[in-house]
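Have a look at the structure below, then the notes.
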Amino acid sequence: MCGIVGYIGSREAYPVIIKGLKRLEYRGYDSAGIALLNGGLKVYKKKDKVADLEESVIGKDISGTTGIGHTRWATHGEPSDRNAHPHVSNSGNIAMIHNGIIENYASIKNELIKKGYTFSSDTDTEVLLNFIEDIKKNNEGTLEEALRIALKRVVGAYCILLIDKNNPDTIIAARKGSPLVIGIGKNEHFLASDASPIIEYTKEVVYVNDYEIAIVHADELILKNLGNEKQTPFITKLDMELSAIEKGGYEHFMLKEIFEQPQTIYDCLRGRMNAETGVITMSGIQQYEQQIMNAGRIIIIACGTSWHAGLVAEYVFEELCRIPVEVEYASEFRYRNPVVNKGDVVIAISQSGETADTLVAIETAKEQGAIILGILNVVGSSIARKSHAGAYTHAGPEIGVASTKAFTAQLAVLIMVALKIAHAKNTINKERYLLLCKELMEIPDKVAIVLLQNNNIKALASKYKDAYDFLYLGRGYNFPVALEGALKLKEISYIHAEGYPAAEMKHGPIALVDEKLPVVFVATKDSYHQKIISNMQEIKARKGKVISIITEGDTVSPTLSDDIIIIPPADEIVAPMLSVIPLQLLAYYIGVAKDYDVDKPRNLAKSVTVE
Ligand code: M6R
């Protein structure tokens, strides 16, 4: 939520910041702004996208070698020019950008109003900024000191960047709960919410920790904690190429990411899974293998698409490892006083590794003695650093707001972990174990086969794009896939869609069925197949339109379907990695057919860093 970029050095800051904001636009895109120092302080901001900001500054003075920029996902105050960041303090000297939420802003605002401060926006950010300025004025101290005092009173999450007209050689930054990466160049520094704006300039970065303040000059980076003690910056080398964050000839990131899946799943398995010998090497979880084997319970915590991956994992772990599993929405888990026993294993699943609900939920579980394993895509992310151990999904940067390749990579990792534990616990026989290892390794090639259905699915999208509602049904391992298909459609095409376990339909949703309702069946050949055929019949009897995802060789489902999408045969445990692909493409093409911005659907942001 909200993207932040800063630059200090000898280049012109504006192009660096604008390019960076475009890369971070997936984090929020309802307004954007930039502040530059060059003799004075210049601030430009605009409702809507970064491109609108760019257009609005044509002909204006955009020079300066120090600057900060922001792309916003609104929390306090509607999307508008005046609520866009950067905000400027009452004196006109200090500009600030912020990602996060200041929860106690109202009481601070009241104090400041009594002192005569005025506000030109509805944001919590402007309150914090003037609070800092007020402390600076009263203490006659530096901006850094004032910031430190202010942050001790602040409740909430933040990553903030500050520049001061009277101190143009410095950017001051601080974080708690919202990410901040600093790229180290030659006599220049780059600051950003993630590494994507930095990667083309330097691969050496420092991930700033919670409760740290960074004092950044062109030639020096000083890190301090809130107690004013210097911290040693830990420099990490980025393992990412620029091409990974560009569209590579595809019309949208979402389509590129859907088509990347044969490779991303392979990258996730590569070096870990040896299907011939059945050896699975996962160094990240090795140390905790015994605890997972002996866990009384596994609690999976996640949100959105990652939560759907967790639901598939629930079936897989229970089936293979015989360990009870609970899958929790992170936002609910945190606030319902959950029972966590010492020795429970918590698996946090998150693409971004920054989702605030998930982050807070694992902190709660950790305090109660659980072991936290992170299944994450973004290396070095906040959840990665809060977890005891885990495994990265290695899917590469996912830019499209609708998650696609992250889901299949999460499944690949989760299935590998389950297989490894089941093998160690002896809850799976050798034959089935080796078969599943082989099945998993075959998935990348089979995904490539599913992708050959692209044109067929595009045609289906144009046939069904005007429907008002969709129902997605699946059973067993394919039930979470039905949920995921419905979520994708909602996000990208703004069509109401619901996912249900197919058998649950007769307990209510069947009342929705008429000749206008498309019902998508995820009906691959598995142990539930006969049952789902009966459910198809129930829909057909009520004249619903049936679109079925079926396994090659199935001769019954086509007789009950208006349209079919055929996928290769696969064991039911790995089949969700195939059956989800047509649903991703269907949502994508319906969104495109309706002329929506599928990479940046309305009201959404890629990384949800507010609770
Ligand atoms: O980064 P995370 O995996 O923690 O994100 C969780 C959800 O916010 C995310 O999956 C969201 O639902 C996506 N927009 C789904 O496409």
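Brief remarks on what is shown
- One residue stands out in the stretch 345-400 among those that are at positive phi and more than 9 Å from the ligand (Cβ to nearest atom): the one that is nearest to the chain's Cα centre (by Cα), namely G396.
- In this structure, A74 does not satisfy being surrounded by 24 or more Cβ atoms within 10 Å (Cβ to Cβ), assigned by TED's automatic domain parsing to the domain that holds I199 and under 17 Å from A605 (Cβ atoms).
- Set side by side, the residues T236, T264 differ, and just one is of a type in the set (S, T, N, Q) and not in a strand (DSSP E or B), which is T264.
- Scanning the stretch 438-494 for residues that are more than 16 Å from the ligand (Cβ to nearest atom) and of a type in the set (K, R) yields K438, K446, K458, K463, K465, R475.
- Complete set of residues in the stretch 90-105 that are of a type in the set (G, A, S) and either surrounded by 24 or more Cβ atoms within 10 Å (Cβ to Cβ) or at pLDDT below 95 (or both): A95, G100
- Scope the stretch 189-207; condition farther than 19 Å from R27 by Cα and either part of a loop (DSSP other than H, G, I, E, B) or in contact with an Asp or Glu (Cβ under 6 Å, 6 or more places away or on another chain) (or both); matching residues: E200, Y201, T202, K203
- Flag if S403 is part of a helix (DSSP H, G or I), within 13 Å of the ligand (Cβ to nearest atom), hydroxyl-bearing (S, T, Y) and within 25 Å of L489 (Cβ to Cβ): no
- Residues satisfying the stated conditions in the stretch 299-320, i.e. more than 16 Å from the ligand (Cβ to nearest atom) and touching a Leu at 6+ places or on another chain (Cβ under 9 Å): V316, F317, L320
- Of all residues in the stretch 10-39, those satisfying the criterion of being surrounded by fewer than 18 Cβ atoms within 10 Å (Cβ to Cβ), outside any helix (DSSP H, G or I) and either in contact with a His (Cβ under 7 Å, 6 or more places away or on another chain) or at pLDDT 95 or above (or both) are S10, R11, E12.
- Matching option when the condition is at pLDDT 95 or above and of a type in the set (K, R), among K516, K488: K488
- When V413, V417, V481 are screened for being in contact with a strand residue (DSSP E or B) (Cβ under 6 Å, 6 or more places away or on another chain), assigned to a helix (DSSP H, G or I) and in the same structural domain as F259 (by TED's automatic domain parsing), only V413 passes.
- Test: V5 is out of contact with any Cys (no Cβ under 9 Å at 6 or more places or on another chain), at pLDDT 95 or above and under 21 Å from V401 (Cα atoms): yes
- All positions within the stretch 562-611 that are hydroxyl-bearing (S, T, Y) and buried (at least 22 other Cβ atoms within 10 Å of the Cβ): S579, Y588, Y589, S607, T609
- Of all residues in the stretch 480-493, those that are among the charged types (D, E, K, R) have Cβ atoms under 6 Å from Cβ atoms of residues that are at pLDDT below 95 and within 11 Å of the ligand (Cβ to nearest atom), 6 or more apart or on another chain, in E491/P601.
- Qualifying positions in the stretch 138-193 - acidic (D, E), closer than 30 Å to E611 by Cα and touching a Ser or Thr at 6+ places or on another chain (Cβ under 9 Å): E144
- Inter-residue pairs, beta-carbon under 8 Å, first without any contact (Cβ under 8 Å) to a residue 24 or more places away in the chain and in the stretch 555-584, second in a helix (DSSP H, G or I) and surrounded by fewer than 23 Cβ atoms within 10 Å (Cβ to Cβ), 6+ apart: V556/I533; I564/S557; I564/P558
- T71 touching a Phe, Trp or Tyr at 6+ places or on another chain (Cβ under 7 Å), touching a residue at least 40 places away in the same chain (Cβ under 8 Å), more than 24 Å from N167 (Cβ to Cβ) and not in a helix (DSSP H, G or I): yes
- Lone unmet requirement of (1) at pLDDT 95 or above; (2) in contact with a strand residue (DSSP E or B) (Cβ under 7 Å, 6 or more places away or on another chain) for D344: (1)
- Only residues that are among the hydroxyl-bearing types (S, T, Y), more than 35 Å from the chain's Cα centre (by Cα) and over 24 Å from V5 (Cα atoms) were counted in the stretch 80-122, giving 2.
- Flag for E439 being charged (D, E, K, R), in a loop (DSSP other than H, G, I, E, B) and either modelled with pLDDT of 95 or more or out of contact with any Phe, Trp or Tyr (no Cβ under 6 Å at 6 or more places or on another chain) (or both): no
- Exactly one residue out of I163, I113, I102, I171 is in the same structural domain as V208 (by TED's automatic domain parsing) and either touching a helix residue (DSSP H, G or I) at 6+ places or on another chain (Cβ under 6 Å) or at positive phi (or both): that is I102.
- Checking E133 against (1) at pLDDT 95 or above; (2) of a type in the set (D, E); (3) more than 27 Å from I8 (Cα to Cα), the condition it does not meet: (3)
- Of all residues in the stretch 184-202, at least one satisfies being modelled with pLDDT under 95, over 18 Å from G380 (Cα atoms), surrounded by fewer than 20 Cβ atoms within 10 Å (Cβ to Cβ) and not small (G, A, S).
- Within the stretch 507-550, tally of residues that are more than 34 Å from the chain's Cα centre (by Cα) and farther than 24 Å from K463 by Cα: 3
- Residue that is modelled with the lowest pLDDT, among those in the stretch 321-341 that are within 16 Å of the ligand (Cβ to nearest atom) and assigned to a helix (DSSP H, G or I): R334
The values are calculated or read from the model by the stated rules, or taken from the named source; none is laboratory data. Just so you know, these numbers come straight off a predicted model, no measurement behind them. All Cβ positions, even for glycine, are placed from backbone atoms using ideal geometry, and neighbour counts span all protein chains on display.
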